[in-house]
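These notes concern the structure reproduced below.
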Amino acid sequence: MVTSHRPWAEPYRIKMVELLRVTTREDRESALREAGWNTFLLRSDMVAIDLLTDSGTNAMSDRQWSAMMLGDEAYAGSASYYRLEAAIKRRYGYAHVVPTHQGRGAEHLLSHMLVKQGDVVPGNMYFTTTRAHQELAGGRFEDVVIDEAHDPSSEHPFKGNVDLAKLERLIERVGARRIPYVCVAATVNMAGGQPISLENLRAVRALTKRHGISVYLDATRAMENAFFIVEREPGQGHRTLADVLHEMCSLSDGCTMSAKKDLLVNIGGFLALNDATLADEARNLGVLFEGLHTYGGLAGRDLEAMAVGIEEALDPAHMRARIGQVRYVADALAASGVPIVKPTGGHAVFLDARAFLPHLSQDAFPAQALAAELYLEGSVRSMERGIVSAGRDPDSGEHRRPRLELVRLTFPRRVYTQAHCDVVVDTVQRVLARAPQIRGLRMVHEPRHLRFFQARFAPL
Ligand code: PLI
């Protein structure tokens, strides 16, 4: 803690700044038109406060930047790989580490190895790239998260928990042989960055073990999940983040990881596993899709930055400030009557677009329209997490219709100041004040894969 009188303050000071461009409303109207009302298609130099994602948008420390100078750029056997491997083994505890260019690289390797045509992969709510790779490998995702996760007003402290009865019924229905593994995300991004409890993770492990089913963790924001366990779970308050993280990983057979989140870097990921045969296969497949197993599509310097990031991210002062900033914005919004997902998760504040724009049906893409309005109003970039992100059902071809129709304000780590946060709150409040006048959108271009990234819209 920086001072003893506050729960948190940024445990760093700023050594270099990146200047922002000031735009007019006319500039933003024309930028949004060019972007087809999709915030993913905006040029970032037209955005002042970029809350699109916390992925790869973190500010690295002076220690990470200096570690990059030690990057060993050897094609094979890079010393940087061995330093990263040691850091991952120490903190995550898995036996084998295969670096990948980012999280979806690890998801690709895992799905390719384990998912066969007709398989079912249960998970605590879907994530876009994770499910896409399961489907690409011939599998089908089945949601086994607790019902509270789909209810933005539920204050359940662990909305990322797996519904054990749903999982058990699924195993009975399709048979354990059709389930290559259970995919457990910590935290659950699409539910609002909601954590899973240690107790639930232990129960998932026990249940799947009885049926001989593996568990793979999506550890992308597992350190943030560990923070919530220490903060909220009975009997866990005395433990360190590192200790809890280690136990979470010990309850799985491996993990996929997007280091672009928890690990405070701009690029990187890994697949970690305990099974030696599977690890050999992953290293081999990695050569095809990522790069040799000691660099995985990354530069040696990227591996160094990740290794340092692991230790910095486990510092409790870092995590208090990180989660504290997200809560600061969420609490200010909630206090002024803005409908948000509760409780506030780790990486983002999620606006409930259905409640924000009750006059728009889901076919008018309310969350997409709200994200566009936030940009027009205050040069704040956010992301749709609703019907557009959910995509189409591969069997019926119809839109999937998630109950959650959300706009995500995602906070990059160590990037924005409290004044920026105040601008965000002010922007959302202004849009809320004119919400009844906001019109919906229609989709005029729909890409086949992960459509939310590149879809284009026009006002109704
Ligand atoms: O963007 P990648 O390929 O490094 O990672 C994919 C990925 C996997 N799991 C989870 C929980 C994620 O949140 C995730 C990526 N998330 C992004 C890009 C986001 O904006 O949330």
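Against the definition (touching a residue at least 40 places away in the same chain (Cβ under 8 Å), surrounded by 23 or more Cβ atoms within 10 Å (Cβ to Cβ) and on the phi < 0 side of the Ramachandran plot), how does VAL145 come out, yes or no? So VAL145 passes the test.
Just so you know, in segment 45-74 the residues that are in a helix (DSSP H, G or I) and within 18 Å of VAL265 (Cβ to Cβ) include one that is nearest to the chain's Cα centre (by Cα), and it is GLN64. Within segment 33-48, is even one residue within 16 Å of the ligand (Cβ to nearest atom) and in contact with a Pro (Cβ under 6 Å, 6 or more places away or on another chain)? Within segment 33-48, not a single residue is within 16 Å of the ligand (Cβ to nearest atom) and in contact with a Pro (Cβ under 6 Å, 6 or more places away or on another chain). Looking across segment 102-123 at every residue that is in contact with a Pro (Cβ under 6 Å, 6 or more places away or on another chain) and assigned to a loop (DSSP other than H, G, I, E, B), the one that is nearest to the ligand (Cβ to nearest atom) is identified as VAL115. Pick from segment 283-304 the residues that are within 16 Å of the ligand (Cβ to nearest atom) and over 24 Å from THR57 (Cβ atoms): which of them is surrounded by the fewest Cβ atoms within 10 Å (Cβ to Cβ)? The residue in question is PHE289. Taking the listed residues VAL265, VAL184, the one that is within 15 Å of the ligand (Cβ to nearest atom), part of a loop (DSSP other than H, G, I, E, B), at pLDDT 95 or above and among the hydrophobic types (A, V, I, L, M, F, W, C) is VAL265, with no other qualifying.
Taking first residues from segment 214-241 that are among the basic types (Lys, Arg) and partners that are more than 15 Å from the ligand (Cβ to nearest atom), the Cβ contacts under 7 Å between residues at least 6 apart in sequence or on separate chains come to ARG232/PRO157; ARG239/VAL230.
Identify the residue in segment 15-31 that is loosely packed, with under 11 Cβ neighbours inside 10 Å and among the β-branched types (Val, Ile, Thr) and, among all such residues, is farthest from VAL380 (Cα to Cα). Here the answer is VAL17. Among the residues of segment 226-253, those that are more than 18 Å from ALA317 (Cβ to Cβ) and either part of a loop (DSSP other than H, G, I, E, B) or within 14 Å of the ligand (Cβ to nearest atom) (or both) comprise GLU233, PRO234, GLY235, GLN236, LEU251, SER252, ASP253.
The values are calculated or read from the model by the stated rules, or taken from the named source; none is laboratory data. The structure presented is a predicted model; accordingly, all values stated were derived computationally and were not measured. FYI the Cβ positions are ideal-geometry reconstructions off the backbone, even for glycines, and counts take in every protein chain you see.
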